[in-house]
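Remarks on the structure that follows.
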Amino acid sequence: MSRLIADPSRPLSRLRLDTPLDSLRRLALAVPQVRVTRRGLQVVLGLFWLLDGVLQLQPFMLRASFARELLAPVGDGQPQFVAGPVHWAANLVAAHPVAWDVPFGIIQLALGVGMLVPRTARLTLAASLPWAIGVWWLGEGLSGLASGNASFLSGAPGSVTLYALLALAAWPWLGRSDVPPVRWLPFAWATLWVGAAVLQVLPMNNTGADVAGAVTANGSPSGMAGFEKSFAGWITHHGTLVVVVLGAGYALIGLAALHRRTIAVGTAGGLLLALAIWVIAQNFGTLYTGQATDPNTAPLVMLMAVALLAAYARPREAADRVWHRA
């Protein structure tokens, strides 16, 4: 809702309206003192990998049920080039869960530690790329993209794809890590959100029931179960409106990053929407269940948003200088 902003230096007749766009602009400019560098991204990525390593060593992951209940289902209904390798990997892990899962966890912990140490960050970033590709294919089943039912709400295009993207964005420039992320990050942001819009209008995602199913697919904490059930019911009864708003919103958030005048508003809107998705649809990455392997995609999208906002919020001349230099 709009509200009136009173300026003591102005007469009441000249009070101006504070619109939602104004609120987004203020959010965008709330981080002018934050300086996000490639080294900063390396550190945050390292913390994410450490979290993933810890999650991989949860008791549930050390049992055959991890492979049967989490790994194998991601291959169901997928084309054979996805389903075959996923089911092969799931059977392999189910036969010797501890022997496979402990090294998985150690590798992810090692990636995290390696990114936190400046001398090993570059090598670790490089090592994380093939690992992310392998996990995306064998552990996430390409996040369901090949089946046509992937949804941004439930975690497409997959957490490890964003790990890999951010690893490239954090790659040292001429041996330096104290420079901003790569110049193509706004284009990656645009591709991510426009891609989300395309996924939303595909036949398996374009009804209210599809959106409601995506919202409730990850379960919900007990305190939010009632709200999510009611919200899913409302979505089901207003399906066309919800799909149109989501698709258009995704596209606008992505396209806004392609112009300096709109990047702040679009990125701030994307940050807020990603936060809402993480809470309502992704249910905090289900970290509270003991069966989560990562915090899901929304926190990584928020990290991208902060990187873009921090670069935008500087004085224009300085921002142009650092973006062009990098």
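The values are calculated or read from the model by the stated rules, or taken from the named source; none is laboratory data. Values in this document were obtained by computation on a predicted structure and should not be read as measured data. Cβ atoms come from the backbone with ideal geometry, glycine included; neighbour counts cover every protein chain shown. Heavy atoms of the whole protein, side chains included, go into the accessibility calculation; ligands, DNA and RNA do not. Shrake-Rupley method; radii C 1.70, N 1.55, O 1.52, S 1.80 Å.
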Beyond 14 Å, what percent of the Cα pairs of segment 223-283 remain? 65
When only Cα pairs under 8 Å and 6 or more residues apart are kept, what is the percent relative contact order across segment 94-217? 22
Calculated from backbone phi, Karplus (6.51, -1.76, 1.60) coupling profile of segment 147-153 in Hz, x at Gly/Pro: 8, x, 10, 5, 9, 4, 5
Euclidean distance between Cα centres, segment 58-125 to segment 139-188, Å: 19
Mean Cβ count within 10 Å, highest first, over the residues of peptides 254-263, 302-311, 193-202, 227-236: 302-311, 193-202, 254-263, 227-236
Top to bottom by accessible area (1.4 Å), largest first, where do Leu185, Leu168, Leu50 land? Leu168, Leu50, Leu185
Descending accessible area (1.4 Å probe), largest on the left, turns Met224, Met204 into Met204, Met224
When the accessible area of segment 121-272 is computed with all protein chains present and a 1.4 Å probe, what percentage of it is carbon and sulfur? 72
Would you mind computing, in nm to one decimal, how far apart the modelled labels at Trp173 and Ala248 are, each placed 7 Å from Cα along Cα→Cβ? 3.7
What does the charge count near Gln42 come to, summing +1 for each Lys or Arg and -1 for each Asp or Glu among other residues with Cβ under 13 Å from its Cβ? +4
Spelling out what I want: for every residue of segment 296-309, take phi, set θ = phi - 60°, compute 6.51 cos²θ - 1.76 cosθ + 1.60 (Karplus), and round to whole Hz; glycine and proline get x. 6, 7, 4, x, 6, 5, 5, 5, 4, 4, 4, 4, 5, 5
For Asp210, what accessible surface area do you get with a 1.4 Å probe? Give it in Å², rounded to 10. 50
With θ set to phi - 60°, apply the Karplus curve 6.51 cos²θ - 1.76 cosθ + 1.60 along segment 242-247 and write out the HN-Hα couplings as whole Hz, x wherever there is a Gly or Pro. 5, 5, 5, 5, 4, x
Each label sits 7 Å from Cα toward the beta-carbon; between Phe81 and Val54 the label points are separated, in nm, by 3.9
